[in-house]
Amino acid sequence: MARPAAFSDSRLARVRRYFGLSQQELAALLGLAPSTTNQLERGTRALTREVYERLAPFLAILEAAEAAPAAPAPAAPDPETVPEAPAALTTPPPGPFAPGPLERRRRTCLYEAHNMRWQLRHLPEQAAVAARWAAALPRLRATLPPPPPAGAAPRTPEEVRLRYVHSWLETVPLALEPEVLAHWHLRHQRALALEAEAAALGGLLAGATG
């Protein structure tokens, strides 16, 4: 038997990545079993018209985002003016120094900076996904068929799915919590400071051995 066309694989996988969905979440939104969603993504099952119509509102937003030109990177802010320290505080005393303490500190700085960046690694993508949902929700709500009226029992499996989808959309985070963003900025600035310290120590060590 010929293998079904794999175009459905890329569509479902792209939608999942764009909206930050697990296979289980996408399966629930489409009214499918997770195993069916997995087969569609792997291309071992063909995408039916019914499933495509359920996917279409999400796919339309994804394709519009993919077709839009990339936003220019924000300009770097001007550095704040820092009072210049007296020369007596910045000029090292003459004479050789023991490199061991500096090297140990340099390694510690790099280790701590790496750990901080590792702890923050998921937050930029989480923020991007939340922003995509914030932009997509008005269009999704306008495109999706409405759920059954409040208090009315769903009459078909599709009405059950639509009620679930609209209810689920109410729970989607549209931005990171301010406390989470503050945590990111504090850790990021600390990592920058540690990396700058490590670079300065590396320069001192290189000059001492050069």
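Odds and ends about this structure:
- In region 124-160, the residues that are more than 30 Å from His188 (Cα to Cα), surrounded by 12 or more Cβ atoms within 10 Å (Cβ to Cβ) and basic (Lys, Arg): Arg139, Arg141
- Pro69 out of contact with any Cys (no Cβ under 9 Å at 6 or more places or on another chain) and in a loop (DSSP other than H, G, I, E, B): yes
- Residue match in region 199-208 (condition: without any contact (Cβ under 8 Å) to a residue 40 or more places away in the chain, outside any helix (DSSP H, G or I) and in the same structural domain as Thr108 (by TED's automatic domain parsing)): no
- Within this structure, Ala134 passes the test of being touching a residue at least 12 places away in the same chain (Cβ under 8 Å), out of contact with any helix residue (DSSP H, G or I) (no Cβ under 9 Å at 6 or more places or on another chain), of a type outside the set (Ser, Thr, Tyr) and in a helix (DSSP H, G or I).
- Residue match in region 187-203 (condition: surrounded by fewer than 13 Cβ atoms within 10 Å (Cβ to Cβ), within 25 Å of Arg104 (Cβ to Cβ) and within 21 Å of the chain's Cα centre (by Cα)): yes
- Condition met for Ala98 (hydrophobic (A, V, I, L, M, F, W, C), closer than 30 Å to Ala191 by Cα and either without any contact (Cβ under 8 Å) to a residue 40 or more places away in the chain or surrounded by 10 or more Cβ atoms within 10 Å (Cβ to Cβ) (or both)): yes
- Filter result for Val165 (within 30 Å of Leu55 (Cα to Cα), touching a residue at least 24 places away in the same chain (Cβ under 8 Å) and either of a type in the set (Gly, Ala, Ser) or not in a helix (DSSP H, G or I) (or both)): no
- Residue check, Glu158 of a type outside the set (Gly, Ala, Ser), touching a residue at least 40 places away in the same chain (Cβ under 8 Å) and farther than 30 Å from Leu29 by Cβ: no
- Members of region 21-37 that are part of a helix (DSSP H, G or I) and crowded, with 17+ Cβ neighbours inside 10 Å: Gln23, Leu26, Ala27, Ala28, Leu29, Leu30, Thr37
- Filter result (in a helix (DSSP H, G or I) and either surrounded by 17 or more Cβ atoms within 10 Å (Cβ to Cβ) or at pLDDT 90 or above (or both)) within region 39-48: Gln39, Leu40, Glu41
- Selection within region 62-90 - at pLDDT 70 or above and out of contact with any helix residue (DSSP H, G or I) (no Cβ under 6 Å at 6 or more places or on another chain): Glu63, Ala64, Ala65, Glu66, Ala67, Ala68, Pro69
The values are calculated or read from the model by the stated rules, or taken from the named source; none is laboratory data. The model shown is predicted, which means the values in this text are computed figures rather than measured ones. Here Cβ is always computed from backbone atoms with ideal geometry, including for glycine, and neighbour counts include all displayed protein chains.
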